[in-house]
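Heads up, the thing below is written out as structure tokens.
The values are calculated or read from the model by the stated rules, or taken from the named source; none is laboratory data. Not measured: the values here are computed from a predicted model. Note that each Cβ is placed from the backbone with ideal geometry, even for glycine, and that neighbours are counted across all protein chains shown. Note: accessible area is taken over every heavy atom of the protein model, side chains too, but ligands, DNA and RNA are not part of it. Shrake-Rupley method; radii C 1.70, N 1.55, O 1.52, S 1.80 Å.
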Amino acid sequence: MAAALAAAEPGEDLVATGADLEPSTLLDAYALGLFPMGLGGGGRRPIGWWSPDPRGVLPLDGFHETRSLRRSRRSFTTSVDGAFAEVVAGCADPSRPGRWITVEVREAYLRLHRLGHARSVEVRDASGALVGGVYGVVVGGLFAGESMFSRATDASKAALAALVELLRDDGAGGEGRLLDVQWRTDHLASLGVVEISRAAYLARLARAVELPPPPGLAEGAGGASGPAGGA
């Protein structure tokens, strides 16, 4: 995959096909700046390996939290890895448009989670029901966001806000860390996501993966927190 990435033309998002979804393959891919997404209907095989150019990233000092989101967050509680499988299932809901998370993909990220490399942030309402979340892969100082879902107003935004706080809570304000969201959309742009070139992304990635994971996303970190945004 490294050779395919090196040969990719500027603006070309899909750089390779094939291979498997074993943990070692996935971790090597993320460290190179690649992520998998099936090319068949609903995300089925063959597996495509993507490195978007430009790439969507969320600067940790650039998250846009509106007053309404701040108010919403007070009614939620958040946790890390409290319900990883349920978050992935929420993201894989077949009723969602553009569904791409297959059973094979779900199992692959569950394996990564059991090994401590895939993490989730959950959002629950006052009744304790899971209403939103985000999951992704941690490689050093990189959090590669895979997907998020929402069943209540602002729940996915609250999950993303909590993730940003976790990445920044390392004693250095998140300096050098990288929150990858793959592609910029209008919705993500409203939260602060920007586009950078593939070359710029790979340069930042090389520095980020050399950092240790932030304490709140290190292996073994987890459990519930207080109201989202309560810090």
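Of the listed peptides 120-133, 188-201, what is their order by residue-averaged count of other C-beta atoms within 10 Å, with the highest listed first?
Going by the mean number of other Cβ atoms within 10 Å, highest first, we get 120-133, 188-201.
Treat every Asp and Glu Cβ in the chain as -1 and every Lys and Arg Cβ as +1, leave all other atoms uncharged, and give the resulting dipole magnitude about the Cα centre to the nearest 20 debye.
620
If you count only protein heavy atoms with a 1.4 Å probe, what accessible area per residue comes out for the chain, rounded to a whole Å²?
Result: 44 Å² per residue.
Per-residue counts of other Cβ atoms within 10 Å, averaged by peptide: what ranking do you get for 30-42, 64-76, highest first?
Ranking, from highest mean packing down: 30-42, 64-76.
How high is the relative contact order of the range 71-187, given as a whole-number percent (alpha carbon pairs under 8 Å, six or more residues apart)?
Averaging sequence separation for qualifying contacts and normalising by length gives 25 percent for the range 71-187.
What is the local net charge at ARG111, summed over the other residues whose Cβ is closer than 12 Å to its Cβ (Lys, Arg +1; Asp, Glu -1)?
Net charge around ARG111: -2.
Accessible area of the chain with a 1.4 Å probe: how many percent of it is carbon plus sulfur?
With neighbouring chains kept in place, the figure for the chain is 52 percent.
Report ³J(HN,Hα) in whole Hz for each residue of the range 26-38, in order, from the Karplus equation J = 6.51 cos²θ - 1.76 cosθ + 1.60 where θ = phi - 60°; Gly and Pro get x.
Per residue, the Karplus-derived 3J(HN,Hα) values read 5, 5, 4, 5, 4, 5, 8, x, 10, 9, x, 7, x Hz.
When only Cα pairs under 8 Å and 6 or more residues apart are kept, what is the percent relative contact order across the chain?
Value for the chain: 27 percent.
Going by amide H atoms built from the backbone, whose H comes under 5 Å of the H on MET148, apart from near neighbours?
none
Post the alpha-carbon centroid distance, the range 153-200 to the range 115-144, in whole angstrom.
That distance is 13 Å.
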